[in-house]
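Heads up: the structure comes next, in structure tokens.
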Protein chains: 2
Amino acid sequence: MSTTSARGKLIGVGVGPGDPELITLRAARALRQADVIAYFAKAGSPSHSRAIVASHLRAGIIELPLAYPVTTELPKCSAGYRDALEDFYARASTDITAHLNAGRTVAVICEGDPLFYGSYMHLHARLASRFDTEVIAGVTGMSGCWSAAGMPIAQGDDVFTVLPATLPESELTRRLAEANAVVVIKVGQHLAKLRRALKQSGHLSRALYVERGTMAQEKVIPLATKSDDHAPYFAVVLVPGWDRRPGAKEQANTPAIAGGEP
Amino acid sequence: MSTTSARGKLIGVGVGPGDPELITLRAARALRQADVIAYFAKAGSPSHSRAIVASHLRAGIIELPLAYPVTTELPKCSAGYRDALEDFYARASTDITAHLNAGRTVAVICEGDPLFYGSYMHLHARLASRFDTEVIAGVTGMSGCWSAAGMPIAQGDDVFTVLPATLPESELTRRLAEANAVVVIKVGQHLAKLRRALKQSGHLSRALYVERGTMAQEKVIPLATKSDDHAPYFAVVLVPGWDRRPGAKEQANTPAIAGGEP
């Protein structure tokens, strides 16, 4: 591709929820054809998205790690934090621009789906108007989680809502109370608060806790049976709309943690 | 697989939004290994999910079409309609059970993701407690649509909501008004109503209309420029959370219909 065009192409490549087999055929092809692979990682940590696609990288591909700045000393809502991130995305865009101007195709790999709560969109917003751009949709982390749990999440006229656990407790409670089907993301250090919001909105008994869905150390348990409030950042809590529909109770009490013989 | 176990395995296989290259490696493998492939279709119409995976079916695979009953004469909320669907899913489960009891692996292919607004979950709820079951997550139709549009949909602390256009106008308006990022699904004959709800909630100018995302006849336009209210059932309307974030205006006015040189 890069040989037929004066300038390269930017490709946002969704690589799915974690299981390397859950990348798409189109993502695998883009990785085979790209000149440069770029990926986000915390400074000093290995990149999770790179690990997912490791077996698909051809020898000799140029690697461009994009290391998030370490900002633990800055509060997230501060101007300093915002500035550090702005600087980071500006520098990352500059680095990618250099490759694109040299005629190279750059694949930015993204866990889940590139345009759904991902860092890629910060590059896309800066570069898509200036370069040929393609976005390859991916399986989201939340799809991986409810599939791993065997948990039908939404159906029919359900309203489906994704709530970041970072929201204030009062907003979480209010939005949970009026929701049909919910996925709470970014659970991390917010599990105690989330538990209170679920209890107050009447959803605690239906909530399922999922850690590392589709990955080797996958963990799926009813939240009510989880005895502590420790959770990694990427843990999710599922509240299915399914089991509220008429007749659901008689048919299958817990389609939740399914699979296996009775 | 079917030869090592007395009973077969049920696999819900997500086949993605329409582009045959957007199926996952794991879905492709499941299709290669399955003894039986089952798919939903309207009676008398070809199956869309089967068309997506046609190139992956091995010769000699047993095909089990599951034809939805024609119920146009029955109102959707009527007991008659509900009964017809219940009968249909019960019969489909019986047909699949016969194959599973004969030791065959049955792959039920599903557009998008099997457990997200899909028909597969009706089979899953009936069968997962009785047979070995696996669900393979897929790229959702909505991911395909915002990726085709190059439209970042949700980021940071956005609340993301999926609203079926079948909801009453007052509920659509209320939920749109308090939403950050929204995808409206099942647009079909509800576009005029949806347009009023978007206008009243202040979102009409940001809304993007997408038909057949990732497919050959793909269509992406600002809803405000669409001159009629005709829409297929699977059309979606996207309302991005992205462009409300601080600084978004200056950076990229319309990351929306991106791609191509300036």
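The values are calculated or read from the model by the stated rules, or taken from the named source; none is laboratory data. Only a predicted model underlies this, so the values are computations on that prediction, with no experimental measurement involved. Every residue, glycine as well, gets a Cβ built from its backbone with ideal geometry; the counts of neighbours run over all protein chains shown.
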Odd one out for A:G241, checked against (1) at negative phi; (2) crowded, with 21+ Cβ neighbours inside 10 Å; (3) out of contact with any Asp or Glu (no Cβ under 7 Å at 6 or more places or on another chain): (3)
Subset of region A:148-179 that is out of contact with any strand residue (DSSP E or B) (no Cβ under 7 Å at 6 or more places or on another chain) and in contact (Cβ under 8 Å) with a residue 40 or more places away in the chain - its residue that is farthest from A:T214 (Cα to Cα): A:G156
Those residues of region B:18-46 which are outside any helix (DSSP H, G or I), touching a residue at least 40 places away in the same chain (Cβ under 8 Å) and within 15 Å of the chain's Cα centre (by Cα), in sequence order: B:G18, B:D19, B:I23, B:Y39, B:F40
Hits in region A:50-65 - residues which are in contact (Cβ under 8 Å) with a residue 12 or more places away in the chain and either part of a loop (DSSP other than H, G, I, E, B) or aromatic (F, W, Y) (or both): A:L57, A:R58, A:I61
Unique residue being more than 10 Å from chain B (Cβ to nearest Cβ), among the aliphatic types (A, V, I, L, M) and surrounded by 20 or more Cβ atoms within 10 Å (Cβ to Cβ) when the list is A:I23, A:I52, A:I62: A:I52
Test: residue in region B:103-114 that is free of Cβ contacts under 8 Å to residues at least 24 places away in the same chain and out of contact with any His (no Cβ under 9 Å at 6 or more places or on another chain): no
Within region B:89-115, tally of residues that are among the hydrophobic types (A, V, I, L, M, F, W, C) and within 23 Å of B:P46 (Cβ to Cβ): 7
Search result, residues across region A:147-190 that are at the interface with chain B (Cβ under 7 Å from one of its Cβ atoms), among the β-branched types (V, I, T) and in a strand (DSSP E or B): A:T161, A:V162
Filter result for B:A98 (within 22 Å of A:G138 (Cβ to Cβ), among the small types (G, A, S) and not in a strand (DSSP E or B)): no
Among residues of region B:147-161, those that are of a type in the set (A, V, I, L, M) and surrounded by fewer than 23 Cβ atoms within 10 Å (Cβ to Cβ), counted: 1
Matching entry among B:A125, B:A137, B:A43 (being at negative phi, surrounded by 13 or more Cβ atoms within 10 Å (Cβ to Cβ) and either in contact with a Ser or Thr (Cβ under 6 Å, 6 or more places away or on another chain) or away from chain A (no Cβ under 13 Å) (or both)): B:A137
Check on A:D113, crowded, with 23+ Cβ neighbours inside 10 Å and either within 13 Å of chain B (Cβ to nearest Cβ) or among the small types (G, A, S) (or both): yes
Qualifying position, being buried (at least 24 other Cβ atoms within 10 Å of the Cβ), at pLDDT below 95 and either facing chain B (nearest Cβ under 7 Å) or not in a strand (DSSP E or B) (or both), among A:G118, A:G144: A:G118
Enumeration of residues in region B:66-100 that are touching a residue at least 12 places away in the same chain (Cβ under 8 Å), surrounded by 13 or more Cβ atoms within 10 Å (Cβ to Cβ) and of a type outside the set (A, V, I, L, M): B:Y68, B:P69, B:T71, B:F88, B:Y89, B:S93, B:D95, B:T97, B:H99
All positions within region B:74-83 that are within 14 Å of chain A (Cβ to nearest Cβ) and of a type outside the set (K, R): B:C77, B:S78, B:A79, B:Y81, B:D83
